[in-house]
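What follows is a set of notes on a single structure, which appears directly below.
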């Protein structure tokens, strides 16, 4: 199954300029445990390289498919895990809706 970027409905102003990453029916999340100090800045621009990789072993589940993202101009990859696994091992920040690019659109105060 291919990895894809998913946009929120236009009426969801809080997610303008953001995309989620999905593979099949699963939505993925970026968490602190795999991306220390980089959760808030995680991005999945249209030209990012997205690849599925089944390297994560989860106790009781066996291998789980993770997604690796590399945005152009970045040397470090971002690892995304299936949302249902968030905080399975270590608590910390998490994001499902990632920046669509370098700039993040924020709705004006009171809009939407």
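We did not get these values from a lab; they are worked out from the coordinates using the rules stated. Because the structure is a prediction, the values reported are computed rather than measured. Every residue, glycine among them, receives a Cβ derived from its backbone with ideal geometry; neighbour counts consider all protein chains shown.
Using the beta-carbon distance between residue 4 and residue 55 and R0 = 35 Å, what value does 1/(1 + (r/R0)^6) give for FRET efficiency, to the nearest 0.05? Efficiency, from the Cβ-Cβ distance: 0.95.
For the pair residue 26 and residue 68 in one chain, pulling the backbone fully straight at 0.36 nm per residue adds 13.7 nm over the alpha carbon distance.
Computed extension length for residue 90-residue 14: 24.7 nm, one decimal, from 0.36 nm per residue of separation with the Cα-Cα distance subtracted. Rg over Rh for segment 1-91 works out to 0.95, using Cα positions for both radii and the Kirkwood form for Rh.
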